[in-house]
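Worksheet: the structure to be examined is printed underneath.
Derivation of every value follows stated rules applied to the coordinates shown; laboratory data play no part. If you're wondering where the values come from, they're calculated on a predicted model, not measured in any experiment. Cβ atoms come from the backbone with ideal geometry, glycine included; neighbour counts cover every protein chain shown.
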Amino acid sequence: MSSGKYKVKGKPGTVIITPDTEIGEGTVIWHFVNLWGCRIGRDCVIGSFVEIGRGVEIGDRCKIEAFVYIPPGVKIEDDVFIGPGATFTNDKYPVAFGGFKLVPTLVKRGASIGARAVILPGVTIGERAVVAAGAVVTRDVPDGTVVAGVPARPIDTREEFERKRAELLASGGPG
């Protein structure tokens, strides 16, 4: 299925896109995705079993892997990677009944978020920052910083991350 400007690779009936959702040209959407009144930029990839809430903004050239949850209040800038199973939250004090206050979260340009990371509400993940797989982000992550652990703490720099990545790729290692 295709709109001419973006492509839906999911089987008919497996993808929900509300009429108020905006999707940029060249974006690909896979199976079992729910898009609720959000805005997705150009040339993005939205993996299977992804839920993106009302009012969420996603920039250009983002890759959102399978099983990611992005609720209302999240803004993701351009060139961001979000690994499988990453979860964002938008309520600092969740309860089953009663009101709640939506707390916004920002992921800046070029950031990478690893598999199964949890991003608590109200944080900013800096430009080119890296959140390791399984980390729980409870505080802002500075630009160019790698964080890991529960709670997430700085462990490295993006420059060192890129050096190690280039070394692995040059060695013919996995990937």
Sequence-distant residues sharing a close amide H with ILE16 (under 5 Å, placed H):
VAL33, ASN34, LEU35
If you look for lysine pairs in the chain that are eight or more places apart or on different chains, how many of them have Cα atoms under 30 Å apart?
23
Just round it to a whole percent: the fraction of Cα-Cα distances in the chain exceeding 22 Å.
44 percent
Work out from phi, with θ = phi - 60° and the Karplus expression 6.51 cos²θ - 1.76 cosθ + 1.60, the ³J(HN,Hα) of each residue of the range 114-124, listed in order in whole Hz, and give x for Gly and Pro.
x, 4, 6, 5, 10, 10, 6, x, x, 9, 10
Within the chain, what percent of beta bridges assigned by DSSP are antiparallel, to the nearest 5?
10 percent
To the nearest 0.05, how large is the calculated FRET efficiency for SER171 and GLU57 if R₀ is 41 Å and r is the Cβ-Cβ distance?
0.60
Quick check on the chain: helices-only [θ] at 222 nm, where DSSP H runs of length 4 and up contribute -39,500 (n - 2.57) each and the sum goes over total residues. Nearest 500, please.
-2500 deg cm²/dmol
May I ask which residue of VAL45, ILE17, ILE64 lies farthest towards the positive end of the charge dipole of the chain, with charges of +1 (Lys, Arg) and -1 (Asp, Glu) on Cβ and the Cα centre as origin?
ILE17
Short version: ³J(HN,Hα) in whole Hz for each residue of the range 35-43, in order, from phi by Karplus 6.51 cos²θ - 1.76 cosθ + 1.60 (θ = phi - 60°), x for Gly and Pro, what are they?
10, 10, x, 9, 10, 10, x, 7, 6
Summed residue charge, Cβ within 14 Å of PHE100's Cβ, Lys/Arg positive, Asp/Glu negative:
+1
Can you tell me the FRET efficiency between ARG42 and GLU162 if r is taken as the Cβ-Cβ distance and R0 is 22 Å, rounded to the nearest 0.05?
0.35
Pull up all non-local amide H partners of CYS62: gap of 5 or more, or a different chain, and H-to-H distance under 5 Å with H placed in the peptide plane.
CYS44, VAL45, ASP79, VAL80
